[in-house]
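What follows is a short report on a single structure.
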Amino acid sequence: MNSLTNSPGCLLDTPQGAREYLAALEETNVDAVVFAVQSGDLAQDHILETIELFGSEVIPEFKGRQPHHELWRKTQLADSSHSVYSSL
């Protein structure tokens, strides 16, 4: 993971770096992340550009694998007596 920051749980990188970071999380079955770009003194046009890049260059790589993950998750939760919410 070649993130530009060393803070655990924080990602500041290119779309390719974001895909690599999220793929590493995916391998550990992490299936939800918080995407927060509207922090600090960022200009709105930079925030919107980040959201656009994430949607067009990062999400598509993972979206196609969602059915496989849903099956894995269903198997993992089969014996759970508690309801689990997932909105991916």
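The values are calculated or read from the model by the stated rules, or taken from the named source; none is laboratory data. Please read these numbers as outputs of a predicted model, since none were measured by experiment. All Cβ positions, even for glycine, are placed from backbone atoms using ideal geometry, and neighbour counts span all protein chains on display.
Within region 27-45, work out how many residues are surrounded by 10 or more Cβ atoms within 10 Å (Cβ to Cβ) and free of Cβ contacts under 8 Å to residues at least 40 places away in the same chain. Spell out how you get there, then give the answer.
As a first pass, look at region 27-45 and keep what is surrounded by 10 or more Cβ atoms within 10 Å (Cβ to Cβ): 29-31, 33, 35, 37-38, 42.
Now drop any that are not free of Cβ contacts under 8 Å to residues at least 40 places away in the same chain, which leaves 30, 33, 35, 37-38, 42.
Number satisfying all stated conditions: 6.
Residues that are surrounded by 13 or more Cβ atoms within 10 Å (Cβ to Cβ) and more than 22 Å from GLY9 (Cα to Cα) within region 49-71 comprise just one, GLU70. Meeting the requirement of 1 or more residues that are polar (S, T, N, Q) and at pLDDT 90 or above, the helices (runs of 4 or more DSSP H) wholly within the chain are 15-27, 44-53.
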